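Trainee: This is the structure I have questions about; it appears just below.
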Amino acid sequence: MSDRESGDEKDELRRHLDGTKSIEETSSADDTPSHLQPIDTVKFGIPDGPDNILYAEDGSIRGATLPKLIEKLSESTTDVKMIFDFLLTYRTYASPEYILALLRKRYAHFFF
């Protein structure tokens, strides 16, 4: 893969992760930042695809939407290094409250 193709993939993922809606369209009463999807609209179990996850040639995750990343991190086969990296970096793009809300939604079917 050329550097240009790699750059195009990164730009595509950034556009997707940044969202396609304007701030006015995504504002809500729960103070969810405009770049994050409101919790009540998050869905888990959506098949992997270029619109929610990108893999490197070695099979590692290069980028993903936050719900897909939470889904992958909560699988039993997840590499400990990936969890560690997530815990070191998540505050740059989400609040602890938002991550906990995603985890509660992810595991809600176990408790209710």
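The values are calculated or read from the model by the stated rules, or taken from the named source; none is laboratory data. Bear in mind that the values here come from a model prediction, so they are computed numbers and not experimental data. In this analysis, Cβ positions are derived from the backbone assuming ideal geometry, glycine residues included, and neighbour counts consider all displayed protein chains.
Trainee: What is the number of the single condition among (1) assigned to a helix (DSSP H, G or I); (2) modelled with pLDDT under 90 that T20 does not meet?
Mentor: The failed condition is (1).
Trainee: Let me ask another. Quick check: anything in segment 31-38 at pLDDT 80 or above and loosely packed, with under 15 Cβ neighbours inside 10 Å?
Mentor: Yes.
Trainee: Considering only segment 49-104, state which residues are of a type in the set (V, I, T) and in a loop (DSSP other than H, G, I, E, B).
Mentor: Hits for segment 49-104 are T65, T77, T78.
Trainee: Same structure again: Being of a type in the set (D, E, K, R) and touching a residue at least 24 places away in the same chain (Cβ under 8 Å) is the filter; apply it to segment 86-107 and report the residue that is nearest to G45 (Cα to Cα).
Mentor: R106
Trainee: Looking at P47, is it surrounded by 10 or more Cβ atoms within 10 Å (Cβ to Cβ) and either at pLDDT 90 or above or under 20 Å from Y107 (Cα atoms) (or both)?
Mentor: For P47, the condition - surrounded by 10 or more Cβ atoms within 10 Å (Cβ to Cβ) and either at pLDDT 90 or above or under 20 Å from Y107 (Cα atoms) (or both) - is not met.
Trainee: Test R91 against the stated conditions and say whether it is more than 20 Å from Y55 (Cα to Cα), under 14 Å from the mean Cα position of the chain (by Cα) and of a type in the set (K, R).
Mentor: Yes; evaluated as a whole, the condition is true for this residue.
Trainee: Identify the single condition in (1) surrounded by 11 or more Cβ atoms within 10 Å (Cβ to Cβ); (2) over 24 Å from D8 (Cβ atoms) that Y55 does not satisfy, given that it satisfies every other one.
Mentor: Among (1) surrounded by 11 or more Cβ atoms within 10 Å (Cβ to Cβ); (2) over 24 Å from D8 (Cβ atoms), Y55 violates only (2).
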